[in-house]
Every structure is written in structure tokens, then in C-alpha cells.
């Protein structure tokens, strides 16, 4: 009888640990968005991501878990192999049409295996 209870308890703990996957690298989801300012792509912007965040964690690169750049042309950025959950995206770039730096961020939520394609708006 005690052996059966131990097995049930171990199985329950295993299920709880497996179900408690945190945000971050190691999943199957992808965020592939675009950095935009006044309807125009911001090429070459640096895009930062904070795992498990729903609000701006700060504006310094050390406040974030990873970073990538937006492409030349269409200003697409990609973060691959993410777990489901909440993330905060923040971008810094330069808009040559106004000769000024731009930055901004948004919170996103992603499902397991989802391809999320957000527009990341930046302002002066």
C-alpha cells in the first residue's frame, strides 16, 4: 500500500514539474515581428527580449535576456525556440527620415509552438 502511495506521489510531482515550464529559450514558438515608426520600417534596430515580463523592465541592454537585430529592408526581427508565456520586446534604432533615435516596446504572450508576428512600434 505504501509503495502505491509513493508511486502516485512521484507521478504527481513529475507532472507538476513538467507542466511548470518557464518562459525563455528551449521551446518551439517563434516571434518574428517588424520594427515600425510612423508606418515605416526601422532597419538595423536592436531588439531586446525579456522572458516572463509584461511591463518594461528598463531601457539598458543588461535588463534583457537576449537581443537580435532587425533586417535591412523590411526591418524583421526573429527570436526562435521560445517556450510559451509572456515576453517584453524593446527596440532601439534610428529613423533617417527624422534624423533621430527611436525606441519603444510592447508586451506579448505566445502559445506553445505559435508563430507570433507583432509590429513593434517605436517613438522619438
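The values are calculated or read from the model by the stated rules, or taken from the named source; none is laboratory data. Computed from a predicted structure; not experimentally measured. With ideal geometry, Cβ positions are generated from the backbone for all residues, glycine too; neighbour counts draw on all protein chains shown.
Checked against (1) surrounded by fewer than 17 Cβ atoms within 10 Å (Cβ to Cβ); (2) more than 10 Å from the chain's Cα centre (by Cα), residue 91 passes all but condition (1). Of the residues making up region 56-71, at least one is under 20 Å from residue 28 (Cα atoms) and touching a helix residue (DSSP H, G or I) at 6+ places or on another chain (Cβ under 7 Å).
The set of residues from region 70-94 being free of Cβ contacts under 8 Å to residues at least 40 places away in the same chain and outside any strand (DSSP E or B) comprises 70, 71, 72, 73.
In the set 105, 73, 85, 113, which member is in contact with a strand residue (DSSP E or B) (Cβ under 8 Å, 6 or more places away or on another chain) and at pLDDT below 95?
Going through 105, 73, 85, 113 in turn, just one is in contact with a strand residue (DSSP E or B) (Cβ under 8 Å, 6 or more places away or on another chain) and at pLDDT below 95: 73.
Quick one: residue 111 ticks every box in (1) more than 18 Å from residue 24 (Cα to Cα); (2) touching a residue at least 40 places away in the same chain (Cβ under 8 Å) bar one, so which box is it? Among (1) more than 18 Å from residue 24 (Cα to Cα); (2) touching a residue at least 40 places away in the same chain (Cβ under 8 Å), residue 111 violates only (1). Taken together, the residues in region 95-117 that are assigned to a strand (DSSP E or B) and farther than 16 Å from residue 61 by Cβ amount to 10.
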